[in-house]
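Below: the structure, in C-alpha cells.
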Amino acid sequence: MGVIITVLGNLLSALVNDFILLCIVRSLTGLGEGMIVAVGISAIGMTKNPNRWFGFYTAAIVMVQAIGLVLVPIVYEQFSLLGVFIAMAFFYALPLGVVKLLPSKSDDYKLSIDAEDLVLKQPSKLLNLGLLSLLFFYISIGGVWTYMSLMGTSGGLTLSFVSQALATAMIAGLFGALFFAYIGHHGKNIGLLFISLLLMALPLWGLGDGLTGTRYLIALCVFSFFWSIAGARLFAVISDVDRSGKYISSAQTVVGFGYIIGPICASTLVKGNGYTEVITMGTVLLGLCFVSILPLARFKVNTVI
C-alpha cells in the first residue's frame with residue numbers, strides 16, 4: 001500500500017501545476033513513504049540480529065543520500081522537476097521486488113508465553129523512554145547539523161571547503177554504519193553507546209574560536225562516524241525489547257519530529273556569529289539521550305533458547 005501511494009503521488013506531482021495542490025499531493029505522498037519506512041524498520045526488528053541490520057540500514061540511508069546529491073541535480077538539469085518526480089516514482093517502486101523476501105514473523109526468540117501475554121508484559125514505560133531518547137538524539141542532530149556549515153564559514157573557511165568537508169563526513173558516516181554492522185552482537189555493549197555519544201559531543205566544542213580547516217574536517221568526520229553507530233544502536237535497543245513491533249514502527253516518526261524540533265530550538269539560541277549555545281544544547285541532549293535509553297538497554301528479555 002505504501003509503495004502504491006508513493007509511486008502514484010510522485011507521478012501525480014509531475015502533472016500538477018498548482019502550488020497548493022502540489023503541497024497536498026506531496027503530503028499524501030509522504031504518508032506512503034512513511035509506511036514504506038515503517039515496514040522496513042519492523043522487518044529489521046524481526047531478524048535474528050537487528051543490531052547488524054540496523055547498521056546496514058544506516059549505511060543504506062547514507063548511500064541513498066549520497067546518490068541523491070549526485071543524481072538529482074543531473075536529472076533536474078536534463079528533465080526539470082518533472083523528471084525528478086518520475087525518477088522518484090521509479091525508485092520507490094523498487095521495494096516491490098523484495099516484498100516476498102521480508103520476514104513475516106520473528107524467529108529471533110522462542111518464547112514460553114503466548115503472544116498476547118508477551119504484549120501485555122512488555123515494558124511499555126521503558127520503551128516510551130527509548131522513544132524519548134531517540135527524540136533527544138535527533139533534536140540534537142537536527143539542531144547542530146543545521147548550523148554545521150555556518151559554523152565553518154563564520155570561522156573563516158570557504159564555502160567550497162565546507163561543502164567538501166560535509167561530503168567527506170558523509171563517507172565517514174557510511175564507514176561508521178558499516179563498522180557497527182560488522183561488529184554485530186558486540187555492538188550491544190552499553191559502553192560503546194556511551195563512547196559514541198561522547199565522541200559526538202566532544203568534536204562540537206572544537207568548532208569555536210581559531211577554527212582551522214583540518215580541525216573542522218576531523219570534527220565533522222568523527223561526529224558523523226559515531227552518529228551512525230549511536231543512531232543504529234538506539235533503533236536496535238528498542239527493537240530488541242519491542243516484540244509487538246508497535247514501538248519500533250513509531251521510531252521513524254519520532255526521528256522526523258526530532259529533525260523538525262531541533263532546528264527550531266537551535267534558531268532561538270543563535271546569537272550573531274556565535275554558536276556556543278547551539279553546541280551546548282546538542283551536548284545536553286546527547287547526555288539526556290544516554291540517560292533515557294539506559295534502563296531499556298539494561299532490560300533483559302526472558303527467552304527460551
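Can you list the HN-Hα couplings for region 77-88, worked out from phi with the Karplus curve (6.51, -1.76, 1.60; θ = phi - 60°), rounded to whole Hz and with x for Gly and Pro? Computed from phi, the couplings for region 77-88 are 5, 7, 10, 6, 5, 4, x, 5, 5, 5, 4, 5 Hz. Placing dummy labels 7 Å off each Cα toward the beta-carbon, the span from TYR182 to VAL284 is 3.8 nm. Here the label points at GLU277 and LEU159, each 7 Å from Cα along the C-beta direction, are separated by 2.6 nm in the simple model. Within the chain, the proportion of Cα pairs with more than 35 Å between them is 24 percent. Per residue, the solvent-accessible area of the chain (1.4 Å probe, heavy atoms of protein chains only, all protein chains present) comes to 53 Å².
Applying the Karplus relation 6.51 cos²θ - 1.76 cosθ + 1.60 with θ = phi - 60° to region 164-179 yields 3J(HN,Hα) values of 5, 5, 5, 5, 5, 4, 4, 5, 4, x, 4, 5, x, 5, 5, 4 Hz, where x marks Gly and Pro.
Comparing ARG243, ARG52, ARG26 in a Gaussian network model of the chain (Cα springs below 10 Å), the most mobile by mean-square fluctuation is ARG26. Taking the Cα atoms of region 189-305, the ratio Rg/Rh between the radius of gyration and the Kirkwood radius comes to 1.04. Using 20 Å as the Cα-Cα cut-off, could you pick out the over-long pairs in LYS48/LYS100; LYS48/LYS246; LYS100/LYS188? Too far apart for the 20 Å limit: LYS100/LYS188. For region 237-247, putting each phi into the Karplus relation 6.51 cos²θ - 1.76 cosθ + 1.60 with θ = phi - 60° gives couplings of 4, 5, 5, 4, 9, 7, 8, 8, x, 5, 6 Hz, in residue order, rounded to whole numbers and with x for Gly and Pro. Summarising the label geometry, the points placed 7 Å from Cα in the beta-carbon direction at LEU94 and LEU82 lie 2.5 nm from one another. Computed on protein heavy atoms with a 1.4 Å probe, the accessible areas place TYR259, TYR138 in the order TYR259, TYR138, largest first.
Highest GNM mean-square fluctuation among VAL16, VAL162, VAL291, for the chain modelled with Cα contacts below 10 Å: VAL16.
Note on the chain: with a GNM built from Cα contacts shorter than 10 Å, the maximum mean-square fluctuation among GLU33, GLU277, GLU77 falls on GLU77.
The values are calculated or read from the model by the stated rules, or taken from the named source; none is laboratory data. Quantities reported herein were computed from a predicted structural model and do not represent experimental measurements. Using ideal geometry, Cβ is built from the backbone for each residue, glycine included, and neighbour counts are taken over all protein chains shown. Just so you know, the surface numbers come from the protein's heavy atoms only, side chains and all, with ligands and any DNA or RNA stripped out. Shrake-Rupley method; radii C 1.70, N 1.55, O 1.52, S 1.80 Å.
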